[in-house]
1. At 7 Å along the Cα-to-beta-carbon direction for both T73 and F224, put a label point, then send me their distance in nm to one decimal.
2. Kindly provide the trypsin sites (Lys or Arg not before Pro) of the range 252-346 that DSSP labels as loop, not H, G, I, E or B, and whose Cβ sees at most 10 other Cβ atoms within 10 Å.
3. Which whole-number percent gives the relative contact order of the chain, counting Cα pairs below 8 Å spaced six or more residues apart?
4. Express in nm, to one decimal, how much length is gained between D65 and Q80 on full extension, taking 0.36 nm for each residue of separation and deducting their alpha carbon distance.
5. Of all DSSP beta bridges in the range 216-392, what percent run antiparallel (nearest 5)?
6. Counting Lys +1, Arg +1, Asp -1, Glu -1, what net charge surrounds V203 among other residues with beta carbon under 15 Å of its beta carbon?
7. Treating the beta-carbon of each Lys and Arg as +1 and of each Asp and Glu as -1, no other charges, what is the dipole magnitude of the chain about its Cα centre, to the nearest 20 debye?
8. Kindly provide the helix-only [θ] at 222 nm of the chain, computed as the sum of -39,500 (n - 2.57) over DSSP H runs of four or more divided by all residues, to the nearest 500 deg cm²/dmol?
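Every number in this text was worked out from the coordinates using simple rules, so none of it is lab data. Note that this is a predicted model, so its numbers are computed, not measured. Cβ placement follows ideal geometry from the backbone for every residue including glycine, while neighbour counts extend to all protein chains displayed.
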Amino acid sequence: MKAVIMSAGKSTRTYPLTLTRPKALLPLANKTILERQLLSLEGIVDGVVLVVGYKHEMIRERFGDRFGSIAITYVMQEEQRGTGHAVLQCADALDEPFLCMNGDDLWDPADLRRVAEQHQAALAKEVADPRLYGIYEVADGDRVVRLVEKPKEVFSTLANIGVYKFTPEVFEVLRHTEPSERGEIEITSAIQTLADQGAFHVVRAQGYWLAIGYPWHLLDANEFLLKNDLHQEIHGEISPLAQFNGPYAIGRGTVIKPGVYAEGPVLIGEDCEIGPNCFLRSGTTIGNGCKVGQGCEIKNSILMDGAKVPHLSYVGDSIIGEHANLGCGTVVANYRHDGKTHRSSYNGVLVDTGRRKFGAVIGDDVHTGINTSIYPGRKMWPHTSTLPGEIVSRDKME
């Protein structure tokens, strides 16, 4: 059996991180989203059809035509005209039942296997606020009656979470599916057609579902993976004057200098230089080729490959892009004085992150001047910079 993974979109919600890469290549605990999806499919499928579009060459270069036991085929979606349109692009590549997955979430492999064993079905999960999701109404235990996007009235709490099992007949259904109000061919419309024929069911998720919608969801998922999937492996060089408490892993070629103190779970990649005299707090992931230097504190953050925080800086609940460099004394604030949850701007609208602790999202190749102060929830676009002593109180796009 094969799986379709829909990875063509531009993902403006995760700007500035996806200005320089497709969303599928965003890292979680030092593996990309797509790599983790492929790992979860091992032993379930023998091939994957990747629907690509935005910056597709980066995905092709990274993964080639095989991932372990899984053969990879690429299908281009030149125009992103909806999830159903993405699936339609695979019609010539599939002549057998297949799994279909959104390209930006992670699911428990055991749940993926349970869906794969069905005829035509979707993975669903009980949620606290059904008004935020597509919600299934079911009868006879698991037969889908209808699927309603973000219902105003609560009739069910069973949410659509982006994994499906289809037979090739779905292609004909999609060819006759009318575009939605957004002008897109939606996979959910095809599901409603199949449900009207009495031929579609749900499988209730028993394991995790990690949805990546906005940048701060990367922090949630990263923290979950460190707590539940970190294998303690030590391949680097650790000074006897460094101290690690709790689970941790250190990659090859990494040097941990004297005075480093870490509270796990902490994950450090390859060829990094950590210390002397710095504090790594729980939930921190450091990529390959990074530097965290004298007097720095990193808390519950993601440092992508090549990021550097060399001197006397504080980074909390933040994401630092590839090859960014934070000048001496850079401080990222991550807590509001009134204790309320942070909001972050998207398309000119402030979106509630739901987090009481949230720092900055800093794009690739950003350089901050010494003593830069960054307000909570602010974003810095790739290749931007600050002057010494600058205060970043708004998103910095140029």
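1. About 3.1 nm separates the two model spin labels.
2. Sites meeting the loop and neighbour criteria: K340.
3. 11
4. 3.1 nm
5. In the range 216-392, DSSP labels about 10 percent of beta bridges as antiparallel.
6. Neighbourhood net charge equals 0.
7. 1220
8. Mean residue ellipticity at 222 nm (helix-derived): -4500 deg cm²/dmol.
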